[in-house]
Every structure is written in structure tokens, then in C-alpha cells.
1. Using a simple spin-label model with points 7 Å from Cα along the Cα→Cβ vector, what separation in nm is obtained for Arg152 and Ala38?
2. Based on DSSP loop calls and a cut-off of at most 15 other Cβ atoms within 10 Å, the longest stretch of the chain free of exposed GluC sites (Glu not before Pro) is what?
3. When all C-alpha to C-alpha distances in region 87-162 are sorted into bins of 10 Å, what percent of pairs does each bin hold, rounded to whole numbers?
4. Calculate the tail of P(r) for region 1-159: the fraction of all Cα-Cα distances greater than 28 Å, expressed in %.
5. Tell me, how many Å apart are the Cα centres for region 26-46 and for region 55-70?
6. Under the definition of Cα pairs under 8 Å and six or more residues apart, what whole-number percent is the relative contact order of the chain?
7. Mean separation of Cα pairs under 8 Å and 6+ residues apart, divided by the residue count of region 79-164: what relative contact order is that in percent?
8. Using only C-alpha atoms and all pairs of different ones, pull out the Kirkwood radius for region 3-67 in Å with one decimal.
Amino acid sequence: MPRERHEPDLFVHTTGWPLPSDTYGGGFVYHLEDNLVAIGYVGLNYTNPHLSPFEEFQRYKTHSEIHKNLEGGKRLSYGARSIAAGRLQSQPKLVFPGGALIGDDAGFLNAARIKGSHAAIKSGALAVEAAFEAVTAERSRDELAALLEAFRARWLFDELHQTRNYKPYMKEGLWMGSLPFGIDQQVFRGEAPWTLHNSSDHDSSNRRPSARRSTN
């Protein structure tokens with residue numbers, strides 16, 4: 001982007017528009033070094049099977065506050081990916097003989113804060129420590145049980161536990177999800193005496209939507 005509009009270290013998170021209120025999603029804008037900008041759209045817990053994430057992202061970029069980050073710039077790369085955001089309720093088995101799952105593959109993303117790099121680094125460090133312990137104890141062929149013990153004893157588990165209900169709440173939409181999650185975080189400080197379960201995305205899809213979402 002033009003240098004005069006670049007703000008080093010600026011980061012912006014948005015919620016809602018252009019999605020309807022019954023669909024939760026949001027975007028991000030990160031100003032990187034060398035006049036680079038990263039823009040994306042995440043979430044999209046939609047029930048309408050005709051909704052197109054690509055088209056919603058295209059609409060998102062037409063907003064005046066987003067478009068100004070693109071005008072006069074040049075696209076260097078473009079991509080899409082699925083994010084494992086189920087966290088503790090959907091966490092797979094972390095260890096197996098000779099290896100372990102870490103980072104987003106293991107569900108360590110804190111989706112409520114769109115943060116995952118710190119969790120990936122920490123889970124990698126815990127895996128290295130567990131592997132070192134196994135090798136020095138001549139248990140290199142055993143599962144890295146120490147990884148599970150270390151994970152539950154560190155701040156990473158506490159952080160994920162405090163926001164564990166985020167995704168189940170937000171499947172109800174922007175407003176119906178934000179209100180109970182706000183109570184969960186502000187009143188109970190993430191220590192509510194209940195844990196909501198995740199459901200598969202295809203089970204949440206309305207197979208007969210009343211109308212196809214227009215992108216015009």
C-alpha cells in the first residue's frame with residue numbers, strides 16, 4: 001500500500017458486516033513491515049449452505065475502512081484455509097508412539113482472540129521437553145505422556161479453558177452468541193460451572209434455506 005497510509009504495527013479486528021446477524025464472522029487488518037498489509041475474514045458459522053465465504057470476503061473489502069488499505073496496492077498472495085477452532089472440547093489425542101500433535105493441528109488456537117502463534121510455540125516447546133525426557137530416560141518409543149501432564153499444568157491450558165465456550169455460543173449468531181459469551185467472560189471470568197459441547201458444521205446447516213443470500 002502507499003507509504004503515506006501505512007501505519008506500522010496497526011492491527012484491526014472487526015465483527016459482523018457484511019454477514020447477517022444470525023451468522024457470526026469477522027475480519028482482520030494487519031499492517032506489517034515494508035508497507036505490507038494482511039487482510040482476512042474468519043469465523044463464518046453459517047447455516048445457509050448457499051453462503052459463499054469467498055464472496056463475503058469480497059464484499060468485506062468494499063467497506064471504506066477496509067478498501068483504503070487496498071487502494072493503490074498490489075496483491076502479492078491470496079489463499080484460504082480451514083481453522084481447527086474447537087479447542088478443548090474437540091481436541092484430538094495429542095500423543096502417539098514417536099510423535100505428538102502441536103499448534104493448530106492439536107486445537108490450541110484461541111479463537112476468541114484470534115491468537116494461535118503463541119500457543120503453537122508453547123505447545124512445541126512442551127513437546128520438545130517431553131521428547132527430551134523420554135529419550136534421556138530411554139523411553140523414546142513410548143508415547144510422550146509428559147506432554148499431557150505439562151500441558152494441563154501450564155498457562156496454555158488455563159487460557160483455552162477460560163474461552164472454551166466461545167465457539168458453541170457463537171454458533172447462535174452475532175448477538176445471540178455475544179451476550180452469553182460476554183456474561184461467561186465478564187461475570188464468571190471464564191470459570192462458568194458448565195462446558196458447552198461442539199457440534200459438527202454439517203449438522204448446523206439449513207438444507208432448505210428460505211432464500212439464497214444475494215451478493216449484489
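1. Calculated label separation equals 3.3 nm.
2. Details: sites that count: Glu33, Glu71, Glu138, Glu191.
It works out to 72-137.
3. 20, 54, 21, 4, 0
4. 39 percent
5. That distance is 11 Å.
6. Details: 300 pairs, mean separation 45.6, N = 216.
Relative contact order comes out at 21 percent.
7. 32 percent
8. 12.7 Å
Laboratory data are not the source of any read-out in this text; all were calculated from the coordinates shown. From a predicted model like this one, the values you see are computed outputs, not experimental measurements. Reconstructed Cβ throughout: ideal geometry from the backbone, glycine too, with neighbour counts over all protein chains shown.
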